[in-house]
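Q: Quick one: this structure, given as structure tokens, is what I'll be asking you about.
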Amino acid sequence: MQPQGRDSGQSTAVQAAGGDVPGQAPPFPDADLMYIADLLPPDERKRYLDVREFLQARVRAQSIDYWNREEFPFGLLAEMGKRGLGGLQTDGTSKLFKGLMYVEVARADVSLSALVGIHNELIVGMIHELGSEEQKRRWLPGLTAFTQLGAFALTEPDHGSDIAGGLATSARLENGEWVINGAKRWIGAGTIADFALVWARDEADQQIKGFIVETDRPGYTATKIANKIGLRIMQNADIVLDNVRIPEANLLPGATDFSKANALLRDSRAWVGWQGAGIQLAAFDVARSYSLQRRQFGKELARFQLIQQQLAEILGNASASLALMVQLARIQEEGKLEMAQAAMAKATTTRLARSSVAMGRSLLGGNGISSDFEMGKLFGDAEILYTYEGSYEINSLIVARAVTGKSAFV
Ligand SMILES: Cc1cc2nc3c(=O)[nH]c(=O)nc-3n(C[C@H](O)[C@H](O)[C@H](O)COP(=O)(O)OP(=O)(O)OC[C@H]3O[C@@H](n4cnc5c(N)ncnc54)[C@H](O)[C@@H]3O)c2cc1C
């Protein structure tokens, strides 16, 4: 298959003379200048193109309205389920394919990419890797079909960056039942999920353990956090756990201390790195298309040198982010990915994303302020990527500790 752009009828002679590239549509419509999608084997490349087309056609435009209203598009979720986006973790596809799926979902809508990423990496992944046979039988079919949802409940009102040491939610084994008490904050899908994967400290041995808490259990209350400046489609919640009783068998048998979840937490950090690349492609798409339509001083914005420089910089940032993530996928595939690499990738692509959406925002002038033109939506969403899954600062500390041997956390 010919990669996009290579057959776009570009005339080297015209370009060398400084003229326009001939043709109606802009070259490289998908902005894949470095032919990254070509790295996929033919079957995955076909699936990637199909899903990308669906996301662009069905999800991208609709998501703006949902984002404005802070509502969750259950219909779109069902359509995403039909395309296998709920089962990326267990369907045997390559790390690169899974990563490029995260990119394309983020390019269509960052909130839904948060849902797809948390769902695959932290919910399906945790149950698949750390769950009992009974838990897998009960939950994995519905989860992978996207007909059921889980929420990953780690952060607390008083403990974010210091959660591993500070986690205060407690679990007590009493007459064959766990009794859970505490509070969680920012929990994605907390108000709509079938269960929350709650991390709580066992009073008996002080270890942090993972528990499946069905959301209809007495004592479980989830309140939507409204008025967010980004990720407005994702239903984040404050959760209160007031003497919630669950069967003893709801403990994830593989998650009997927090270190057992490390590999999955490392991989989920890498997922945000992919999101950082995807949001920049979205910013590029919007900025390019706007610059070709909007006219000032009698010509398209795209004809001004300063605008061209910004477009080139956004795409350069996006491509550098993607290239970093492609190499990450390679070492992940070889089983060599460590937390420092995932942290560097997450910190770097989200730092670049913040810069790219700021350029895109200014490129659209006043219209960059409104979410109706999508760029304002991306501008807000980038802030979340910068902060969740370990803030930019915390991920930087992880990287710098790995390369100096010195910890600067406290
Ligand atoms: C929209 C959204 C969705 C989220 N979804 C989930 C979810 O689904 N599940 C879940 O469990 N959590 C979720 N989170 C929580 C997220 O992971 C935390 O917000 C994040 O880890 C930061 O914690 P904090 O907000 O408590 O900030 P704090 O830890 O209070 O940090 C405040 C500031 O201090 C800085 N800081 C803290 N310690 C240090 C230090 N030692 N050195 C230098 N700087 C430091 C931080 O970088 C930050 O800038 C979500 C958050 C948001 C905003």
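The values are calculated or read from the model by the stated rules, or taken from the named source; none is laboratory data. Quantities reported herein were computed from a predicted structural model and do not represent experimental measurements. In this analysis, Cβ positions are derived from the backbone assuming ideal geometry, glycine residues included, and neighbour counts consider all displayed protein chains.
Q: Kindly indicate whether S371 is in the same structural domain as Y290 (by TED's automatic domain parsing), within 23 Å of the chain's Cα centre (by Cα) and more than 10 Å from the ligand (Cβ to nearest atom).
A: yes
Q: Name the single residue that is farthest from the ligand (Cβ to nearest atom) among those in region 380-397 being in contact with a Ser or Thr (Cβ under 9 Å, 6 or more places away or on another chain) and closer than 13 Å to R361 by Cβ.
A: A382
Rundown of residues vs (1) buried (at least 17 other Cβ atoms within 10 Å of the Cβ); (2) within 24 Å of I394 (Cβ to Cβ); (3) charged (D, E, K, R), yes/no style:
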residue: A145; (1), (2), (3): no, no, no
residue: F152; (1), (2), (3): yes, yes, no
residue: A164; (1), (2), (3): no, yes, no
residue: G176; (1), (2), (3): no, no, no
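Q: What are the residues in region 266-299 that are assigned to a helix (DSSP H, G or I) and free of Cβ contacts under 8 Å to residues at least 24 places away in the same chain, if any?
A: S289, Q293, listed by residue number.
Each row is one residue, and each column tells you yes or no for (1) more than 19 Å from K346 (Cβ to Cβ); (2) surrounded by 22 or more Cβ atoms within 10 Å (Cβ to Cβ); (3) aliphatic (A, V, I, L, M).
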| residue | (1), (2), (3) |
| --- | --- |
| I229 | yes, no, yes |
| R245 | yes, no, no |
| E248 | yes, no, no |
| A261 | no, yes, yes |
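Q: Look through I192, I208 and report the one residue that is touching a residue at least 60 places away in the same chain (Cβ under 8 Å) and either in the same structural domain as A114 (by TED's automatic domain parsing) or away from the ligand (no atom under 11 Å from the Cβ) (or both). Let's see the steps before the verdict.
A: Values: I208 fails: touching a residue at least 60 places away in the same chain (Cβ under 8 Å).
One residue alone meets the criteria, I192.
Q: Which residues, counting only those in region 138-180, are of a type in the set (A, V, I, L, M, F, W, C), outside any loop (DSSP other than H, G, I, E, B) and more than 22 Å from Q235 (Cβ to Cβ)? If you could, list the steps in order and put the result at the bottom.
A: Filtering region 138-180 down to residues of a type in the set (A, V, I, L, M, F, W, C) leaves 139-140, 143, 145-146, 149, 151-154, 163-164, 167-168, 171, 173, 178-180.
Cutting the leftovers down to outside any loop (DSSP other than H, G, I, E, B) gives us 139-140, 143, 151-153, 163-164, 171, 173, 178-180.
Those that are of a type in the set (A, V, I, L, M, F, W, C), outside any loop (DSSP other than H, G, I, E, B) and more than 22 Å from Q235 (Cβ to Cβ): L140, A164, A171, L173, W178, V179.
Q: What are the pairs, 6+ residues apart or on separate chains, where a residue within region 364-387 that is more than 21 Å from Q293 (Cα to Cα) has its Cβ under 9 Å from a residue that is aromatic (F, W, Y) and modelled with pLDDT of 95 or more?
A: Between residues of region 364-387 that are more than 21 Å from Q293 (Cα to Cα) and residues that are aromatic (F, W, Y) and modelled with pLDDT of 95 or more, the close pairs are G380/W67; D381/W67; Y386/Y392.
Q: Quick check on region 337-349. Is at least one of its residues assigned to a loop (DSSP other than H, G, I, E, B), surrounded by fewer than 22 Cβ atoms within 10 Å (Cβ to Cβ) and in contact (Cβ under 8 Å) with a residue 24 or more places away in the chain? Show your work before the answer.
A: Initial filter on region 337-349 (assigned to a loop (DSSP other than H, G, I, E, B)): 337-338.
If we keep only those that are surrounded by fewer than 22 Cβ atoms within 10 Å (Cβ to Cβ) too, we end up with 337-338.
Filter once more, keeping what is in contact (Cβ under 8 Å) with a residue 24 or more places away in the chain: 337-338.
Yes, some residue in region 337-349 is assigned to a loop (DSSP other than H, G, I, E, B), surrounded by fewer than 22 Cβ atoms within 10 Å (Cβ to Cβ) and in contact (Cβ under 8 Å) with a residue 24 or more places away in the chain.
Q: Which one is farthest from the ligand (Cβ to nearest atom) among residues in region 398-410 that are within 15 Å of A164 (Cα to Cα) and without any contact (Cβ under 8 Å) to a residue 24 or more places away in the chain?
A: Pass one, region 398-410, residues within 15 Å of A164 (Cα to Cα): 398, 409-410.
Now restrict to residues that are without any contact (Cβ under 8 Å) to a residue 24 or more places away in the chain: 409-410.
Values: F409: 5, V410: 6 Å.
Across region 398-410, the extreme among qualifying residues is V410.
Q: Confirm whether A302 is part of a loop (DSSP other than H, G, I, E, B) and modelled with pLDDT of 95 or more. Spell out the reasoning first.
A: Values: part of a loop (DSSP other than H, G, I, E, B): no; modelled with pLDDT of 95 or more: yes.
Answer is no for this residue.
Q: For region 340-357, check the following and say yes or no: at least one residue is more than 19 Å from the chain's Cα centre (by Cα), more than 16 Å from the ligand (Cβ to nearest atom), of a type outside the set (S, T, Y) and over 14 Å from Q275 (Cβ atoms).
A: Looking through region 340-357, none of the residues is more than 19 Å from the chain's Cα centre (by Cα), more than 16 Å from the ligand (Cβ to nearest atom), of a type outside the set (S, T, Y) and over 14 Å from Q275 (Cβ atoms).
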